[in-house]
Structures are given as C-alpha cells and as structure tokens.
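The values are calculated or read from the model by the stated rules, or taken from the named source; none is laboratory data. In this text the structure is predicted, and so the values were computed from the model without any measurement. FYI the Cβ positions are ideal-geometry reconstructions off the backbone, even for glycines, and counts take in every protein chain you see.
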Amino acid sequence: MKSSLIFLNCRRKLLCYVFSFLEFFTVKNTLVYRFYTKWIGNIFSDECAMANVSSNETVLHIGCGSLPTMSILVAKNVHAKVIAIDNNMRTVQRAQRYINQQKLSDLITIKHGGGRSYPSETFDVIFIAINVTSIDAVFRHLASTSKPSVRIVCRDLGNGVIRMLKSDEFSHIFTIRSIMKHSINNSLLIAKHKYPTDILTSH
C-alpha cells in the first residue's frame with residue numbers, strides 16, 4: 001500500500017505543476033480562458049450536482065488554485081458560502097484578486113491553508129482538487145475532524161484514490177457512494193460510514 005500511495009501522490013504532485021502552468025496562461029489569454037473554463041467547468045458542474053449542494057450549506061474547496069472555478073460555480077449557481085484554500089501564498093493572492101474582479105467576495109473567501117491541517121468541522125461539503133497532496137494525509141485529517149454527515153467530492157486520476165479508500169486504513173471510515181466517469185478521470189462522492197445515506201438525496 002505504501003508504494004502505491006507514493007505513486008498516487010507523485011502523480012497528483014505532477015498535476016499541481018501542470019494546472020499551475022495552465023492557470024498562469026489562462027488568466028492572460030482570453031481564448032485559453034474560454035477553453036479551460038468550458039472544459040473544467042463541465043466537470044465541476046457534474047461534481048456540484050453529484051454533491052447536491054444547497055444554498056444553506058457551507059463548502060470547503062481544498063486546492064483552489066489561481067482560478068477557483070469550482071468555488072465560483074458553487075457561489076453563482078447555488079449561492080452557498082465557500083471557503084477556498086491553497087497552500088501557496090502567491091496562488092492565494094492571485095485567486096483573491098480574481099474573486100474580487102468577479103465581485104464574489106461576499107460568497108467566496110480565499111484563505112492560505114492546506115487540506116492536511118485546515119479546520120473542517122463546520123463544513124457540509126468538501127471539494128478536493130485533483131492535484132492536492134498528500135491525499136492520504138488529507139483523508140486522515142478529514143477522518144478525525146470533519147462532520148459525520150460530510151459529503152466529500154474528490155477527483156481521481158485512474159483508481160488510486162479508490163484503492164486507497166478501500167484499504168484497511170480507510171475502508172471502515174469512508175465509503176464511496178458514487179463514481180462519475182469523465183474522459184480522463186473519475187469524480188468520487190465520498191461519505192462517512194456512520195451517517196445515513198439519505199443525506200445525499202435529501203437536499
């Protein structure tokens with residue numbers, strides 16, 4: 001399991017550099033921006049619907065990047081309050097400027113922080129970006145700090161996260177409620193075992 005986790009986190013770390021590169025050029029080029037937001041926006045829309053987010057819920061977006069598209073989609077379409085975090089201070093500053101430009105600072109708060117330590121007790125829904133690492137450490141933190149009723153959406157390149165959640169360490173804490181397949185990745189809807197499944201359809 002240890003070697004597979006190293007490989008899983010290395011792939012996600014590589015994606016961190018890829019998305020940082022994409023986002024850097026996206027904010028500077030209108031054509032690239034339209035292509036990027038249409039491509040990634042469709043996936044995020046599916047994930048938002050999968051999590052069944054409602055306006056009275058609080059949302060945490062882990063690994064928001066310079067273009068916190070998921071946070072923006074939740075704010076605009078659902079009008080839920082979002083805390084978006086990233087562990088890179090420059091990225092946080094760029095994201096804050098972008099949110100200010102979009103006039104969404106009343107719904108979206110950008111903060112410096114990481115998924116392995118940021119307080120998660122108050123959030124109803126948590127979105128984890130595909131490039132967040134170390135993903136096993138993030139889920140250890142969420143296992144002990146998040147609500148019993150939390151819904152977590154985590155994107156998985158291949159089946160690395162699925163295998164991790166089915167391991168002895170996590171299988172008694174988390175369960176995968178739904179898997180949405182995209183062309184190059186999967187979106188997972190994850191819940192804790194101790195809470196009734198009807199939370200996923202009651203909103």
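Remarks
- A count restricted to region 76-90 and to residues that are basic (Lys, Arg) and more than 12 Å from PHE123 (Cα to Cα) stands at 2.
- Matching residues in region 51-70 - criterion: being farther than 14 Å from ASP124 by Cα and assigned to a helix (DSSP H, G or I): THR69, MET70
- Consider region 121-144 and keep the residues that are among the charged types (D, E, K, R) and surrounded by fewer than 17 Cβ atoms within 10 Å (Cβ to Cβ). The one that is farthest from MET50 (Cα to Cα) is ARG140.
- Residue that is farthest from MET50 (Cα to Cα) [pool: residues in region 88-111 that are touching a strand residue (DSSP E or B) at 6+ places or on another chain (Cβ under 7 Å) and not aliphatic (A, V, I, L, M)]: GLN96
- Verdict on ASN9 being within 21 Å of VAL153 (Cα to Cα) and either modelled with pLDDT under 60 or exposed (fewer than 12 other Cβ atoms within 10 Å of the Cβ) (or both): no
- The residue list THR109, THR133, THR122 contains one member that is β-branched (Val, Ile, Thr) and more than 22 Å from ASN56 (Cβ to Cβ), which is THR133.
- Residues of region 145-163 that are of a type outside the set (D, E, K, R), assigned to a helix (DSSP H, G or I), at pLDDT below 95 and surrounded by fewer than 21 Cβ atoms within 10 Å (Cβ to Cβ): GLY160, ILE162.
- Those residues of region 82-108 which are more than 15 Å from the chain's Cα centre (by Cα) and in a strand (DSSP E or B), in sequence order: none
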